[in-house]
Amino acid sequence: MATPPPHPRRVLVTGAAGFIGSAFLRQLLSAWPDVQAMTFDALTYAGHRENLEDLPGAERHTFRQGDVAEGEDVARAFADFAPEAVVHLAAETHVDRSILDPAPFLRTNVHGTQVLLDACRTAGLRLVLVSTDEVYGDRSDGVPATPTTALRPSNTYAATKAAGDLLALAAWRTHGQDVVITRCTNNYGPRQLPEKLIPLMSLRARAGEPLPIYGDGLQVRDWLHVDDHAAGLLAALARGEAGRVYHFAANRGRTNLEVVQAICAAAGADERLIEHVEDRPGHDRLYTLDDDATRRDLDWAPRRAFKAGIGETVAWYLENPAWCRAVAGEGLTTFLEANYRDRQAAERPS
Ligand code: NAD
Ligand code: TYD
């Protein structure tokens, strides 16, 4: 095994009971055998202990339930674990929910990020802030956003993520704080909550249920496998430069319709299940990132091809019904049923 680069030995990971956080934690524990990790997670409707089962190096991992927006929770975790660095993934992440109810997004994504920035400043720690291509808003002109492109978020989720990024950059500029920001395109892979496109469509396709595509389905997203994102985050943690923004992308846009057709093929479902429903308000047509500088400076590149990755991902959801049941609490099913019913009703001519 290659010698790992110099790296922090004690890493606190917020949001590691979620989709990307748990994939990152797995890589962190297996790539760096001398690392101790703490998951710090509030276990909202999106966070599940099941995502932390079968961790490699589980004996080097501890779990702490806590809220990033509560200074005392964060202070206690810092005092008990004494981290050397923090990777911050905890967030409210679903655009559709942010349109219906902005409050938790402001609390966690804005206030919570400032709480962590303050705690890291006091303790003199590096903070890697995990952000998104959505902060740039619609790139319908097809020009990939660079890390210095102006932020023009289109919805509350993206606006609160942009606010977190700006607070982190302000902390770097004002206090010389060691912050690194990463922005990534849409992720896919195992353990994504089935309110997001790929797991939701995989499960509905297998059940023979209608597949609700928002609007014309020609919106373009650039899907990156979650393990490629996790590898990029590890590189940013070890080698990222303070005050910089790093992009991670697959550089291959696909329409939502193409993605759902690929899911139907993988799940053995009939494409006639596809149903066009009312569009998401403010729906961005296209996201695209220029990640040349990251590839050069962090020596990072994606390894997973979408064609193989989507088949494996759909199979993972279909082969893990116990996981699907465990994460489908009332908070998820009530939202999904209402979202589908309202969009379908709005689309039907009266
Ligand atoms: P997720 O919704 O699957 O998980 C979020 C996790 O954060 C959950 O475990 C939840 O319990 C926890 N959390 C929420 N509020 C909290 C709080 N107040 N205190 C502590 N924990 C809290 O999200 P994800 O898709 O894994 O995204 C992780 C990060 O990556 C987010 O910051 C998101 O903005 C960013 N991101 C996601 C994508 C994507 O495609 N999913 C793409 C780019 C960036
Ligand atoms: P999603 O997985 O919610 O991620 P994000 O909004 O962060 O990109 O959605 C991906 C794309 O799929 C987005 O353009 C919205 C669309 N979509 C549908 O068409 N139908 C659905 O049921 C969902 C959940 C998403």
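Throughout, read-outs are computed from the coordinates displayed, never taken from laboratory work. None of these values were measured; they are calculated from a predicted model. So basically every Cβ, Gly included, is an ideal-geometry build from the backbone, and we count neighbours across all protein chains shown.
I'd like to know if the range 198-214 contains one or more residues that are closer than 23 Å to Ala235 by Cβ and out of contact with any Ser or Thr (no Cβ under 7 Å at 6 or more places or on another chain). Scanning the range 198-214 turns up no residue that is closer than 23 Å to Ala235 by Cβ and out of contact with any Ser or Thr (no Cβ under 7 Å at 6 or more places or on another chain). For the range 308-350, which positions are within 16 Å of Val260 (Cβ to Cβ) and of a type in the set (Ser, Thr, Tyr)? Thr313, Tyr317, Tyr340 - these are the residues of the range 308-350 that are within 16 Å of Val260 (Cβ to Cβ) and of a type in the set (Ser, Thr, Tyr). Under the condition of being buried (at least 20 other Cβ atoms within 10 Å of the Cβ) and part of a strand (DSSP E or B), the residues counted in the range 1-51 number 10. Taking the range 86-104 as the search range and keeping residues that are touching a Phe, Trp or Tyr at 6+ places or on another chain (Cβ under 6 Å) and not small (Gly, Ala, Ser), which one is farthest from Thr156 (Cα to Cα)? Among those that are touching a Phe, Trp or Tyr at 6+ places or on another chain (Cβ under 6 Å) and not small (Gly, Ala, Ser), it is Glu92.
The residue list Asp73, Asp96, Asp67, Asp54 contains one member that is in a loop (DSSP other than H, G, I, E, B) and either among the β-branched types (Val, Ile, Thr) or within 15 Å of ligand 1 (Cβ to nearest atom) (or both), which is Asp67.
Does Arg206 satisfy the condition of being basic (Lys, Arg) and either touching a Pro at 6+ places or on another chain (Cβ under 6 Å) or more than 24 Å from Arg343 (Cα to Cα) (or both)? Here the answer is no, as Arg206 does not meet what is asked. Looking at the range 52-60, can you tell me whether even one residue there is away from ligand 2 (no atom under 16 Å from the Cβ), hydrophobic (A, V, I, L, M, F, W, C) and surrounded by fewer than 15 Cβ atoms within 10 Å (Cβ to Cβ)? Yes; the residues of the range 52-60 include at least one that is away from ligand 2 (no atom under 16 Å from the Cβ), hydrophobic (A, V, I, L, M, F, W, C) and surrounded by fewer than 15 Cβ atoms within 10 Å (Cβ to Cβ).
Within the range 114-157, the set of residues being among the β-branched types (Val, Ile, Thr), buried (at least 21 other Cβ atoms within 10 Å of the Cβ) and more than 30 Å from Asp279 (Cβ to Cβ) comprises just one member, Val128. Quickly run through the range 194-206 and pick out the residues that are more than 15 Å from Thr333 (Cα to Cα) and more than 21 Å from the chain's Cα centre (by Cα). Those that are more than 15 Å from Thr333 (Cα to Cα) and more than 21 Å from the chain's Cα centre (by Cα): Ala205, Arg206.
Residues of the range 115-135 that are away from ligand 2 (no atom under 13 Å from the Cβ) and either closer than 22 Å to Pro281 by Cα or in a strand (DSSP E or B) (or both): Arg126, Leu127, Val128, Leu129, Val130. Where strands (runs of 3 or more DSSP E) fall entirely within the range 180-286, those with at least 3 residues that are under 15 Å from Ser131 (Cα atoms) are at 245-248.
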